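Shown next, in structure tokens, is the structure this report addresses.
The values are calculated or read from the model by the stated rules, or taken from the named source; none is laboratory data. Bear in mind that the values here come from a model prediction, so they are computed numbers and not experimental data. Counting neighbours? That spans all protein chains shown, and the Cβs are built from the backbone with ideal geometry, glycine included.
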Amino acid sequence: MSTHSFRRLFHFLLCAACALTLACAQSAPPAAPATSATREVVDDLGRHVQVAARPERIVSLAPNITEILFAIGAGDRIVATTSFCTFPPEAANTTKIGDTQRPDVERILALKPDLVLVSTASQLESISERLGALGVPTVVTTAKGVDGVLTSIERIGVATGDAQAATALAAKLRERIEAVRSAVAGKPAPKVFAIVGNEPLFTTGKGTFLDDLIRLAGGASITADETNEWPQYSAEAVIARAPDFMVVPSVTHGFAATDSGVPASIAATPAVRNNRIIRIDGDLLMRPGPRLVDGLEQLARALHPEAFR
């Protein structure tokens with residue numbers, strides 16, 4: 001995978017903030033008129049935003065947000081999403097307003113949304129500033145670790161008027177996480193290397209949700225000391241740290257169907273020599289939404305099958 005392709009991958013995965021350039025909207029139609037029934041919500045950046053008591057025309061500008069909206073029962077109020085919003089299947093039927101990096105501001109305004117949800121996993125907060133200046137209530141979510149993802153779910157529920165459903169969803173996810181944590185507690189933690197890009201090698205660093213998933217699943221990431229969230233990593237460093245397992249995302253996340261995802265340059269590691277390659281749908285590992293817990297459960301079963309018999 002080329003460096004250029006890797007950058008496009010991260011736009012899709014929502015794992016890194018990239019520069020965002022938006023053309024100024026020419027003769028943009030007015031935003032939806034404000035309703036008297038409004039309330040103030042605080043987003044993940046600490047911004048105070050006035051939103052409708054129950055927003056009825058929601059625009060989601062990130063795949064993880066779209067998944068959260070459907071999971072808390074707000075999917076029928078979505079009027080537009082990005083071209084990367086592919087789950088659940090109903091998301092395919094929503095109006096598309098560009099990708100996560102280049103949403104069409106004029107089209108968004110034409111839809112007269114009463115709430116736009118933005119994720120810093122895929123966009124800089126400048127998009128919220130742009131829309132806010134045009135009178136569109138815009139709430140920003142930002143979640144790095146697994147706990148942050150659950151908090152974001154709850155805050156999105158507050159913003160959409162579905163706080164009870166969001167709180168219940170987050171509670172169920174926490175229960176499942178605790179069940180995994182209990183199952184692997186006290187077991188030796190095998191060394192794990194996660195590949196999120198293979199030409200050149202990119203991996204996960206300290207504090208990301210993928211780093212959290214490895215730890216919660218009973219593993220020890222060999223790159224947990226990396227201060228960059230998604231660092232480039234050398235084959236020599238991987239070999240020196242001798243991972244017992246490798247985690248590789250699905251083919252839909254940057255690896256060709258015929259690509260093992262594991263470069264020949266790290267074939268000398270114990271993980272490759274012993275064929276301990278864990279392949280999991282990349283959406284379950286790289287989208288900071290409810291399905292991260294599905295990824296956690298699959299990862300824990302692969303690392304510690306004896307704990308789930």
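Here THR66 passes the criteria (1) under 15 Å from the mean Cα position of the chain (by Cα); (2) in contact (Cβ under 8 Å) with a residue 40 or more places away in the chain; (3) within 22 Å of THR151 (Cα to Cα) except the one numbered (2). Of all residues in the stretch 33-47, those that are assigned by TED's automatic domain parsing to the domain that holds VAL140 have Cβ atoms under 7 Å from Cβ atoms of residues that are modelled with pLDDT of 90 or more and loosely packed, with under 13 Cβ neighbours inside 10 Å, 6 or more apart or on another chain, in ALA37/ALA53; THR38/GLN50; THR38/ALA53; ARG39/ALA53; GLU40/HIS48; GLU40/GLN50; VAL42/HIS48.
Listed here are the residues, each with its yes/no results for (1) of a type in the set (Asp, Glu); (2) modelled with pLDDT under 95; (3) out of contact with any Pro (no Cβ under 7 Å at 6 or more places or on another chain).
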| position | (1), (2), (3) |
| --- | --- |
| CYS15 | no, yes, yes |
| THR66 | no, no, yes |
| ASP76 | yes, no, yes |
| ALA80 | no, no, yes |
| GLU106 | yes, yes, yes |
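Scanning the stretch 153-202 for residues that are buried (at least 17 other Cβ atoms within 10 Å of the Cβ), at pLDDT 95 or above and of a type in the set (S, T, N, Q) yields a count of 1.
On inspection, GLU90 does not qualify as charged (D, E, K, R), surrounded by fewer than 23 Cβ atoms within 10 Å (Cβ to Cβ), at negative phi and in contact (Cβ under 8 Å) with a residue 40 or more places away in the chain. Counting only residues that are crowded, with 21+ Cβ neighbours inside 10 Å and charged (D, E, K, R), the stretch 99-148 holds 1 of them. Residues in the stretch 207-214: is at least one buried (at least 17 other Cβ atoms within 10 Å of the Cβ), touching an Asp or Glu at 6+ places or on another chain (Cβ under 7 Å) and not in a helix (DSSP H, G or I)? Yes, the stretch 207-214 has at least one match.
Can you tell which of PHE245, PHE255 is modelled with pLDDT of 95 or more and of a type outside the set (D, E, K, R)? So that I can check it myself, show each step before the final result.
Numbers: PHE255 fails: modelled with pLDDT of 95 or more.
Selected residue: PHE245, the only one of PHE245, PHE255 that is modelled with pLDDT of 95 or more and of a type outside the set (D, E, K, R).
Kindly indicate whether any position in the stretch 278-286 is more than 30 Å from LEU61 (Cα to Cα) and out of contact with any Gly (no Cβ under 6 Å at 6 or more places or on another chain). Yes, the stretch 278-286 has at least one match.
When residues in the stretch 258-282 are screened for being modelled with pLDDT of 95 or more, in contact with a strand residue (DSSP E or B) (Cβ under 8 Å, 6 or more places away or on another chain) and assigned to a loop (DSSP other than H, G, I, E, B), 2 of them pass. Looking at LEU285, is it under 18 Å from the mean Cα position of the chain (by Cα), outside the structural domain of THR141 (by TED's automatic domain parsing) and modelled with pLDDT of 95 or more? So LEU285 does not fit the description; no.
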